[in-house]
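The values are calculated or read from the model by the stated rules, or taken from the named source; none is laboratory data. It should be emphasised that the depicted structure is a prediction, and the values quoted were computed from it without experimental measurement. Cβ placement follows ideal geometry from the backbone for every residue including glycine, while neighbour counts extend to all protein chains displayed. When the accessible area is computed, the model is the full protein with side chains, heavy atoms only, and any ligands, DNA or RNA have been set aside. Shrake-Rupley method; radii C 1.70, N 1.55, O 1.52, S 1.80 Å.
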Amino acid sequence: MAGTAKIYRGRFAPSPSGPLHFGSLVAAVGSFLEARTHGGQWLLRMEDIDPPREQPGAAALILQTLEAYGFEWDGPVLYQSTRSAAYESVLSTLREHGMLYPCACSRKEVADSALRGIEGPVYAGTCRNGLHGREIRAWRVRTDAAEIAFEDALQGRQAQVLQRDIGDFILKRADGLYAYQLAVVIDDAFQGITHIVRGSDLLDSTPRQIYLQHRLDLPTPHYAHLPVAVNAQGEKLSKQTLALPLDTTRPAAALWHALAFLHQQPPAGLMRAPVAELWAWALRHWQAAHIPQVKTLPAPDIV
Ligand code: GLU
């Protein structure tokens, strides 16, 4: 019997809010090695949909850094800044189906809401049935009381009831920009992504993404959320916590630490080896089963 070829298509989707740091490297390494060891493709997407949070030159620097680290991606980089027409057309579809509504509430009005969910205030639904003459600020998608559950390959079963835990969430912001939750769902489908490997900081976003996939008749990829690197204070490495940019002059050392962080036990001798040797070792020895099934792990000293 002619078997259907198993397609694996992974991706890495950095936001150009600053240079890559050790935390981003872990997500890049994990998604890349999972894709390649499954004979799959690995695509790159620049999530440049939030100009106020972008750092000039960061997108180019991210690509240069990935190259210096020896990553090879399939096809051209997809820039989300070029995708507004696709996002608008999905918003129109949701609007036509009565799933999207305009909201006039300010951030403060929402924050004052008594309802608390897993990411802060749950929108009370004030504008669900009309604006009552107030001006449109943002666009929200209606949520419901159905449980959304999925099996994360590393973190196990996850479930949320969006209406209770998150509330009707914004797809187009008051400043006219598209929300991450909208863009990521549209582009994962557009790029034909079958497997998403990323940091556990996005675990709580996944039910929102699955909800949108269901509403838009899009396939749901497999998810694996890696432990994220935290500093001594337990904070995720980020621009805000002053994580150091990756050193492009010594890629093997940071790559070695990223592999060790994911419990792949690279031999000590490879720390100073050419980066190609490290990749050759990693491709031969990668074991997703060795990745600790936890949400956070301490970052190594080098960061
Ligand atoms: N752009 C997001 C970030 O850098 C990642 C999005 C994703 O992997 O879904 O945090």
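Observations
- Taking all protein chains into account, the per residue accessible area for the chain stands at 48 Å² (1.4 Å probe).
- Gain in span if fully extended, VAL294 to ILE118, counting 0.36 nm per residue against the direct Cα distance: 61.5 nm
- By the Cβ distance rule of under 4.7 Å, the chain has these cysteines without a partner: CYS105.
- The simple Förster model, with R0 at 30 Å and r as the Cβ-Cβ distance, assigns GLU72 and THR220 a FRET efficiency of 0.65.
- Label zone at GLN64, where the point sits 7 Å out along the Cα-to-Cβ direction: region 17-31 residues whose backbone N lies under 13 Å: 19-20
- Distant-in-sequence amide H partners of GLY117 (H built 1.01 Å from N, under 5 Å): VAL122
- Segment HIS97..LEU131, full-extension length gain: 10.4 nm, with 0.36 nm per residue of separation and the alpha-carbon distance subtracted.
- Site pair ASP301 and SER81 shows an inter-label distance of 4.0 nm when each label is modelled 7 Å from Cα along Cα→Cβ.
- For the chain, calculated [θ]222 nm from helices alone, where every DSSP H run of n ≥ 4 adds -39500 (n - 2.57): -9000 deg cm²/dmol
- Candidate lysines - alpha carbon under 20 Å from LYS236, same-chain residues fewer than 8 apart omitted: LYS295
- Here the gap between ARG164 and ALA260, fully extended at 0.36 nm per residue and compared with their Cα-Cα distance, gives a gain of 30.7 nm.
- Relative to the dominant Cα principal axis of the chain, helix 251-261 is inclined by about 70°.
- ³J(HN,Hα) computed for each position of region 73-79 - Karplus, 6.51 cos²θ - 1.76 cosθ + 1.60, integer Hz, glycine/proline x: 10, 9, x, x, 5, 8, 9
- Helix 275-285 and the longest principal axis of the Cα set of the chain meet at an angle near 80°.
- Counting only Cβ charges, +1 for Lys and Arg and -1 for Asp and Glu, the dipole size of region 198-241 around its Cα centre is about 80 debye.
- Among 264-273, 246-255, the peptide with the highest mean count of other Cβ atoms within 10 Å heads the list, and the full ranking is 246-255, 264-273.
- For the peptides 108-117, 190-199, 63-72, residues were scored by their other Cβ atoms within 10 Å and the scores averaged per peptide; the highest-first order is 190-199, 63-72, 108-117.
- Under 5 Å from the amide H of ILE49 lies no amide H of any residue 5 or more positions distant or on a separate chain, with H modelled from the backbone and absent for Pro and chain starts.
- Seen against the Cα atoms of the chain and their longest principal axis, helix 58-68 is set at about 30 degrees.
- Residue of LEU226, LEU61, LEU212 that the Gaussian network model of the chain assigns the largest fluctuation, springs spanning Cα pairs under 10 Å: LEU61
- Extending 7 Å from the Cα toward the beta-carbon at both ALA146 and GLU277 defines two label points whose distance is 5.4 nm.
- For ALA179, distant residues with modelled amide H under 5 Å away: LYS172, ARG173
- When peptides 42-52, 157-167, 77-87 are sorted by average Cβ neighbour count within 10 Å, with the highest value leading, the order is 42-52, 157-167, 77-87.
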